[in-house]
Amino acid sequence: MRHGNISRPIAAATAGIFLFNLQTVTAFAPVPQSFVLHNPRAAAAVRGALSLSSSSFADEIRQPLPSPKVVQAVESLQRSGDNGKGGVIASDVAAAAGIGLSEARKELTTLASLSLGDIAVSSESAELIYKFPNDLNQALSENSNKFKLRDVWSKQIWPKLFYVIRISFGVALLLSIFAIFSTIALISSSSSSDDDRRDDRRGSGMGVGFGGNPFGFGGIFGPSPFDFFYYRPYYGYYGQPYYMRRREDPEEMGFLESTFSYIFGDGNPNGDLETRRLRAAAAEIRKSGGVVTAEQLAPFVDPPQLTYDLDDVNDASLVDESYVLPIVSKLGGEPDVTDDGDILYKFSDLQLSATTSSADALEAVGLPLSASSGDIKRFLDSNGINTRGSLEKRDLLNLLIKQVQDESDSFDDTFAVEESEYTFSVAGDGQKFFAAALGVVNLGGALYLGNILSSPALAGVTLPGYYGVVQSLFPGLLAYAILYNLIPALRFAWINNQNSQIKERNKNRRKWITLVRSSTGRIARKLKVAKKFSSSIRRVDKEGTLYDTRQSFSDESLRRESDALNDFDEILKN
């Protein structure tokens, strides 16, 4: 957004003021007729705000909620500036939360509406400055039942419910094993009793079944995995059962949970990849003065396979830079063609900031805005920076700011946003072994029971009581046993394939960084031109405002009249 013409952002801000600052329709001040005549689009927005202000319960249910990461970013930004009383702007929130500029504006609009925050319009840049209560989460919970329900669900209900879901797979495995082998034991016991009676009549001293089978296993049906179920040689190998070791390492995953982890894994390790990419790209853009090349953004996206012809000044082939378009569009970038035919990307909106230099320095090095003195000192010490004599946080921040400024002209401190490789399971090796071994035992038992139930001896026979239920549910037990072993096997193959691709993509991103650092041709030329057009971050004055929703229209009119009279007096004096 260009800021030379401020009428449109001021109109948009004035329209939004009605929605954010006032709680009831009767509290709205009359809109000046001149405003309606000169700003018809804003007047239409005001009418929309009026209709939204009288929302019903159904409207509250449909109203979108702010993203948790945006709420967290706003709280961090407010704590980092002006002793916790500063406002925030969309570009700072986008950079801190790792979201696009347009999304940041929408999120701030929603956040201001729900928390009854205030909005001011900067007199210099016409940027909207959002100011929220200090305890933002508390304000949101008090003003929005939907937010309160989401907070309760995400922090209190879902973690417990998901824990129950996870352990239910372990419970299901144990129940399946018990059902299968108890039924096998019943049938084997019944068969052994019949054989014993026949042997007694024949005078034979050789027993059958579990105790007297010449094969040493389960009676007339052959070897039984039921014996293996009770035979646990792996305890000697692992030393002791896991439930005994858990007391020594309470952070380890329980066996029932590990069953879920063994089957389905532990989620996508790159679920926040887009957030990390945008956050890193915004930091690089701001460090580079708001003007960057596609090669500088390549480590944060999925660039094409690198060919070193890209750095050849004499190479006239068409260069495809479409891989950076998602970041460029989300962060408000504009392409610009140089005299040499190279493309640069300017991010004017992202160069606006309401944060302090210390906040920018913390963001640039990846430290949270709420970093303590100890965190900053450890970072400086780890980078070989002398902190002797710097005891206060302010002194440490000054050192950090100087360090960031010294490195701002270099690409050497830039690192690729790499994807994390998938892990088959975060459960301990012992738990994974138990989960796999019991899965095999369960499958073996299911196949063995199926062989028994399909034998001619049990044709048309319905087992009594509980065992009859197991007999009727056997197809489901068999399917569960097969899937329990099949899903991890397929997932293991899929993970190996995915990880090989992730390694290649990460390796390619590191190659792009090496190319930019060592460039002497076309890329070096582009970087030199980009540096000429770069500019320092423009600070938004949060005190000098054209309008603030904390003021009424009458107060604002009186202020403007007073300012006009003061200006006129100055003219007369001169």
What accessible surface, in Å², does a 1.4 Å probe find on residue 109, ignoring ligands, DNA and RNA and rounding to the nearest 10? 50 Å²
Solvent-accessible heavy-atom area per residue, rounded to whole Å², over the stretch 110-160 at 1.4 Å: 48 Å²
Accessible-area value, residue 164, 1.4 Å probe, nucleic acids and ligands omitted, Å²: 80 Å²
Just the accessible area for residue 103, please: 1.4 Å probe, Å², rounded to the nearest 10? 80 Å²
With respect to the cross-link table entries 106/131; 330/511; 131/346, which display a Cα-Cα separation exceeding 20 Å? 330/511; 131/346
Heavy-atom accessible area with a 1.4 angstrom probe orders 163, 422, most exposed first, as 163, 422
Spherically averaged projected area in nm², based on the convex hull that wraps the Cα atoms of the stretch 418-535: 14.0 nm²
For 338, 462, 183, write out the residues from largest to smallest accessible area, computed with a 1.4 angstrom probe and no ligands counted. 462, 338, 183
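The values are calculated or read from the model by the stated rules, or taken from the named source; none is laboratory data. Worth saying up front: this structure is predicted, and the values here are computed from it rather than measured. Note: accessible area is taken over every heavy atom of the protein model, side chains too, but ligands, DNA and RNA are not part of it. Shrake-Rupley method; radii C 1.70, N 1.55, O 1.52, S 1.80 Å.
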